[in-house]
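Taking it in order: structure first as structure tokens, then the write-up.
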Amino acid sequence: MLHSFKTVCLIIAKSRIRHQQVLISYCVSALIFAAVGSNAAAQSESAGSVAATSERAAIEIIAVENRDPAFVRAAIRPILDPRGSISQVDNKLIVATTASNLQQIKTLIEQTDLPARRLVVSVDFDHGSSSMVSGSTSLATQQSVQAVEGDTVAFVQAPDSASVPQLTVKTSIQSNLADTEIVISNVPGFTGLHRIQLSLGEWYVINPEQSPEEVIESMRDGASAEIPEQPADDFLLSQFVTQVPPVVNEPVRQAPIAVRVDVLP
């Protein structure tokens, strides 16, 4: 523990001025954590030396080589011991936690700090309506772009009106899922930021078409003020409702838009 603390303090001396305050604050919190950890270790002596060792306070500086350190830091925070802390200086993470928790964190960092993979990000602006031509799906509504994890790629539907749907997609791979941020413009009811997890190699529909039940329900809502209080029977009611047009101020949905992420070999 003392050796690790000396190492951190040496970094203070060698760091640029803008980092010194961060590291000094870290050392203070690390000393507090060490005191808490030492007390926890002392209390656990009766449970055996193995348990005491796993609860021992530990500090380590871990360099992030391939990914954005902020991304790695966010990935490991959910498993950080509640008594621990994590700081960042340039591409280095300074972790103070228990010895057992530190091993879990280092394992997760090894799984996360991998070279960025090459991806193919695809968007279909009219998913589900592509026709089959010579045994293959027409790609008239689909666009695909090669990218690297963490890159932001943009897609714009072929302009045919004043409000053209636009998307930007940014994604990183976690196991067999793609953690994805999608920003949508000019799609009523869906414009804005969407954070979703996509299964690799599968289309994810962002704005699915209304089901027949939803269409009938919207018609019922629009016609409710004009429906007689005591209709003759359900058949006449259904006939009346289906003849009423949808509510005028109901946002018109665009064609279903879908996103897909594939990993290149």
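Give me the residue from region 126-151 that is part of a strand (DSSP E or B), of a type in the set (A, V, I, L, M) and at pLDDT 60 or above and, out of that set, farthest from residue 207 (Cα to Cα). It would help to see each step written out before you state the result.
Taking region 126-151 and keeping what is part of a strand (DSSP E or B), we get 132-133, 136-137, 142-148.
If we keep only those that are of a type in the set (A, V, I, L, M) as well, we get 132-133, 145, 147-148.
Checking which are at pLDDT 60 or above leaves us with 145, 147-148.
Details: 145: 21, 147: 24, 148: 26 Å.
Step by step, filter region 126-151, then rank; the result is 148.
Pairs needed: first member in region 147-162, on the phi > 0 side of the Ramachandran plot; second member anywhere, at pLDDT 90 or above; C-beta distance under 9 Å; at least 6 residues apart or different chains.
150/170; 150/171
The values are calculated or read from the model by the stated rules, or taken from the named source; none is laboratory data. If you're wondering where the values come from, they're calculated on a predicted model, not measured in any experiment. When we count neighbours, we look across all protein chains shown, and the Cβ atoms used for this are built from the backbone with ideal geometry, even at glycine.
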